[in-house]
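Report on the following structure.
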Amino acid sequence: MDDQKVSVKEIRQNENRFLSSDIFESGQYVFPRRNGEGVLREEARDIPVYHRCDVLVVGGGPSGTAAALAAARTGAEVVVLERYNHLGGLSTGGVVIWIDRMTDWEGRQVIRGFAEEVLGRLPPEAVAGPDPSLWGVRDAELAKYWRLRTSAFHGIVTWAPTIDPERLKLTSQEMLIEAGVRIVFHSLAATPVVEDGAVTGVIFESKEGRQGIMAKVVVDCTGDGDVFARAGASFEADIEEGDVHHSMNTGFMLGGVDMETWLAFRSEQEQAFADFNTLGRDTLGFFQTPYVSWRNDIALFLGPRQSGLSALNVDDMTEVEIRSHRFMQSHCEFFRSHAPGFKDAYMLLSAPQLGVRHTRRLAGVDRVERSQWPEGKVLPDEIGVSPSVSPKFPVISVPYGALVPARLNGLLAAGRHISCDANSHGFMREIPQCWLTGQAAGAAAGVAANRGVAPRDVDIAELQAVLRAQGAFVRDASEARSVENKAETVSG
Ligand SMILES: Cc1cc2nc3c(=O)[nH]c(=O)nc-3n(C[C@H](O)[C@H](O)[C@H](O)COP(=O)(O)OP(=O)(O)OC[C@H]3O[C@@H](n4cnc5c(N)ncnc54)[C@H](O)[C@@H]3O)c2cc1C
């Protein structure tokens, strides 16, 4: 079983999709299942109700943490259920410590609210990024400097810092505890309770066995739509070979490095860097260069990306883990031998959480779409604003309808599985956007529970007022000045 057998193709990036990915044939490392003809019948049984609450947030990643806090601040009694031992999801346990852009191309921070608050509470040494005075600056030297450090794109300095994942775990946890949220770790939501077309709770599995939590509103923040899919909501689950969109990998960090030496090499020795990449590809087959982290002595690897596999298939997931751990070792050895700044590198940590970009996306009452990018229209049910993918597009209005299932009641979705097309998913799945939709879903769930209305019937003006009071940036469609935008002709 060697990587020579693996078929690899690459698809070039374009305006709609930003990154390509290596494609792998599955079944390389996992033995075939032997399930014969058999099925088992699970006996019906009574299970204890663990707790009853106003708002149950399932999944404690970026969206779930923001949702739980926002819901608690409406006065609702909130539980967050998380299968692992920490909050932050991929942004901590997945070592996705590069928080993508929160500013527009003029340098104005448009993803605010929870994003601003949580980053503001991290100790200064836990956040590495440009000073606010630099956001939006179009200076070639500064842009070059920050591009190498995750925070400049299209020649413009932006706000896209790297953070210390342990600090983010701790800060997230303390913020929820202060707000009175009940955190339940080590608990996997297994089956939603659905009554008369509405989700009214969740059955979960833990070391205590199988128990239920009942809630007035459930917010699905599992990233994979586990709750809404099992409750019967419609969703999309596309897999496009060669696109980063759905690809997986386990992120990892190498310690003992000198990233300033590495960055000087990659930016000042163009030919040597190109030769290094060629040697890496030739030697390892699948090759990834590192990103900076919040410390000079830690390098971050968020690839090689593996496509053509499903994060809803446990054998594919196992295979990605096995391959990623091997990649970590081979990259460590290669970089130690060949990369300036890496002679003392060691394997610091492979992420405890598998890096999944996409599995399911909700079919909502509305969705974020590619056709929306050039319009710049402020939607009447705007719950926040996303930066656009390039300066040729204005910022993008995120509608409440993207969080509301087309038919299922009692549930809202937030995070990387919200209702959007595959192109828009490229940015709507990023951590700041997950904070944004999480905060909005949590606030809406709190309002719905407090008023005794269905999430789809929440008064938009009230929701927007709650979000603004919580520091979110939400525009008012009726007052919006014309955003006949700077969009040039859009191709593709
Ligand atoms: C390799 C990689 C690189 C990336 N790079 C960037 C980047 O540079 N910048 C950026 O901003 N974004 C990046 N992203 C995207 C970003 O990390 C994720 O899309 C984002 O973290 C999603 O947040 P979320 O809350 O929707 O879900 P997750 O972060 O996936 O969190 C979901 C949480 O729910 C829990 N959970 C899941 N199912 C259950 C269940 N059934 N019961 C209980 N708990 C459950 C999980 O344990 C997890 O803690 C990257 C993603 C990957 C995979």
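Worth a mention:
- Of interest is the spacing of the C-alpha centroids, which for the stretch 249-300 and the stretch 354-379 amounts to 32 Å.
- Taking amide hydrogens as placed 1.01 Å from N in the peptide plane, the amide H of Val193 sits under 5 Å from those of Thr200, Gly201, Val202, Ile203, each at least 5 positions away in sequence or on another chain.
- Entry comment: accessible area of the chain is 42 Å² per residue, from protein heavy atoms only and a probe of 1.4 Å.
- Virtual paramagnetic centre 7 Å along Cα→Cβ of Asp297, amide N under 15 Å, in the stretch 253-290: 254-261
- Share of carbon and sulfur in the accessible heavy-atom surface of the stretch 39-83 [1.4 Å probe, %]: 46
- Descending principal axes extents, the stretch 248-355, alpha-carbon based, whole Å: 43, 27, 19
- Cα convex hull of the chain, projected area averaged across orientations, nm²: 23.6
- Applying 1/(1 + (r/R0)^6) with R0 = 22 Å to the Cβ-Cβ distance of Arg210 and Arg407 gives a FRET efficiency near 0.20.
- Pairs of lysines in the chain (C-alpha under 24 Å apart; 8 or more residues apart or interchain): 5
- By average C-beta atoms within 10 angstrom, highest first, the peptides 216-228, 342-354: 216-228, 342-354
- Solvent-accessible area of Arg167 with every protein chain in place, 1.4 Å probe, in Å² to the nearest 10: 90
- The stretch 248-355, accessible surface, carbon-and-sulfur percent (1.4 angstrom probe): 49
The values are calculated or read from the model by the stated rules, or taken from the named source; none is laboratory data. Nothing here was measured: the structure is a model prediction, and the numbers come from that model. Note that we place each Cβ from the backbone using ideal geometry, even for glycine, and neighbour counts take in every protein chain shown. Side chains are part of the model used for accessible areas, which takes the heavy atoms of the whole protein and leaves out ligands, DNA and RNA. Shrake-Rupley method; radii C 1.70, N 1.55, O 1.52, S 1.80 Å.
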